[in-house]
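Chemist: Here it is, the structure in full.
The values are calculated or read from the model by the stated rules, or taken from the named source; none is laboratory data. These numbers were taken from a predicted model, which means no experiment stands behind them. Note: ideal-geometry Cβ built from the backbone for every residue, glycine included; neighbour counts use all protein chains shown. When the accessible area is computed, the model is the full protein with side chains, heavy atoms only, and any ligands, DNA or RNA have been set aside. Shrake-Rupley method; radii C 1.70, N 1.55, O 1.52, S 1.80 Å.
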Amino acid sequence: MQPLFSPCTLGSLSVKNPVVFLPFFTAYADAQGLVTDTLLRHYRRMAASGVGLVVVEAARIRGGEAPHAINAFASGHLPGLRRVVEEIHAEGAKAVLQICHPGRFAFRAGSLAPSAVPPFGNPEWMPTAMTEANMAEAAANFAESAEIVAEAGFDGVELHGATGYLLASFLSPHTNRRTDGYGGSLENRLRFPLRVCAAVRARVGDFPVGYRFMAREYVEGGLSLEEGVEAAKVLARELLPAYLSVSAGMYECFALLAQSGQKAPVGFMLPEAAAVKTALPDVPVIAAGLLETREICEQALAEGMADAIGLGRVLLADPDWLRKTAGELSGRVRGCVQCDNCFKQVKELRPVFCSRWSKQEKAGRLEGIPVERLPKRRAAKE
């Protein structure tokens, strides 16, 4: 158990404090998936927040490319990725790059997934069920990207197995309707994620590998917490992860919450983190879920619910959250109001901004973004 402002370790990663900026998709990369100056400024600012670890957003493996997502699978991507590492290290934080295949959340017909279950029930985005050859290729592509991450100088790589992306969709009985050896039982649904873990570990050796893990799904017929905990045990045994970054839910249930006008309570994913930590006391666990007060963060650490605190929207809304919380800066924390503006921008493939930012801050953070990609009202004015 670590105080909020003291050094700690996550596997072989030594960090100055147990606060982690969680991977948060920004769409700041260019159309070819290359790093931009806007992206570099963003991650420099997030590292300057005072966190111990920055996990860079959902970089795509070969075959999982998406507009304005970072690509990380070829030598041509290395120069930009190395610049991201340099910006984060310059502010004293460690840098991990998350790698991802979006699966059914590529939002296009024919995208690869365990089964033909379209996102949000939209038949225009009907995915294609993966073949054995598709799975072998995807596992190799994850391993290829992990090696690129290590070569770029990151301190670790994170496999994205949450929010309904490809690895999580295989684990989920809601989206995995297969009747072969990759569907049905929990053991079968784990086969593809474990195949990816094995391929990555074989390629990068003892390089730190984290896993963003969906412990429960919160949709009818979805992954239960009981199965999620059992899956975590198997993944930890096979992958030997530097950490498990625990989340709950997927995009469709988040959308339903927003449509209902409900707000997620502070610390709403802590039960999942605590359940995984209890089952795996020797595996570092990062908690998430709007941990926006110092009190709840310190409680989670003190009570052993988690080893580290993950902040996404909290730090996007106020990058000075940690310094204000520590008393280094005066002023009230600018909290996330759960307006879902950031999520709406991503769905429109527009660069993310927070509704809490001032006009000057928004202009500075989005500087360099082509006019046609800017928020509609701002683009019209220009």
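Chemist: Condition test on SER49, is it assigned to a loop (DSSP other than H, G, I, E, B), more than 25 Å from GLY183 (Cα to Cα) and hydroxyl-bearing (Ser, Thr, Tyr)?
Modeler: When the stated conditions are applied, SER49 passes them.
Chemist: Only one of (1) within 30 Å of ILE369 (Cβ to Cβ); (2) touching a residue at least 24 places away in the same chain (Cβ under 8 Å) is not met by GLY304, so which one is it?
Modeler: Every listed condition holds for GLY304 apart from (1).
Chemist: Mind listing whichever residues of region 81-103 are assigned to a loop (DSSP other than H, G, I, E, B) and open to solvent by 10 Å² or more (accessible area, probe 1.4 Å)?
Modeler: Initially, region 81-103 is screened for residues assigned to a loop (DSSP other than H, G, I, E, B), giving 91-93, 101-102.
Residues satisfying the conditions are GLU91, GLY92, HIS101.
Chemist: Can I ask one more? Only one of these is part of a helix (DSSP H, G or I) and either modelled with pLDDT of 95 or more or crowded, with 19+ Cβ neighbours inside 10 Å (or both): PHE120, PHE142. Name it. Full working, then the answer.
Modeler: Details: PHE120 fails: either modelled with pLDDT of 95 or more or crowded, with 19+ Cβ neighbours inside 10 Å (or both).
Of the residues listed, the single one that is part of a helix (DSSP H, G or I) and either modelled with pLDDT of 95 or more or crowded, with 19+ Cβ neighbours inside 10 Å (or both) is PHE142.
Chemist: Related question: Please indicate, with yes or no, whether at least one residue in region 271-289 is crowded, with 17+ Cβ neighbours inside 10 Å and within 30 Å of GLN32 (Cβ to Cβ).
Modeler: No, region 271-289 contains no residue that is crowded, with 17+ Cβ neighbours inside 10 Å and within 30 Å of GLN32 (Cβ to Cβ).
Chemist: Also, I was wondering about something else. Within region 261-299, how many residues are within 22 Å of SER12 (Cα to Cα), hydrophobic (A, V, I, L, M, F, W, C) and part of a helix (DSSP H, G or I)?
Modeler: So the first thing to find is which residues in region 261-299 are within 22 Å of SER12 (Cα to Cα), and the list is 273-274, 276-288.
Going one step further and asking which of them are hydrophobic (A, V, I, L, M, F, W, C), we end up with 273-274, 276, 279-280, 283, 285-288.
Filter once more, keeping what is part of a helix (DSSP H, G or I): 273-274, 276, 279.
Total meeting the criteria: 4.
Chemist: Then there's this: Select from region 205-234 the residues that are crowded, with 18+ Cβ neighbours inside 10 Å and touching a residue at least 60 places away in the same chain (Cβ under 8 Å) and list them in ascending order.
Modeler: Across region 205-234, the qualifying residues are PHE207, PRO208, VAL209, GLY210, ARG212, PHE213, ALA215, ALA231.
Chemist: Here's a follow-up. Report yes if VAL219 is within 29 Å of GLN299 (Cβ to Cβ), at pLDDT below 95 and out of contact with any Pro (no Cβ under 7 Å at 6 or more places or on another chain), otherwise no.
Modeler: yes
Chemist: I've got another one for you. If the Cβ limit is 7 Å and pairs must be 6+ apart or interchain, which residue in region 7-20 that is under 14 Å from LEU322 (Cβ atoms) and at pLDDT 95 or above pairs with which residue that is open to solvent by 10 Å² or more (accessible area, probe 1.4 Å) and of a type in the set (Lys, Arg)?
Modeler: What qualifies is VAL15/LYS94.
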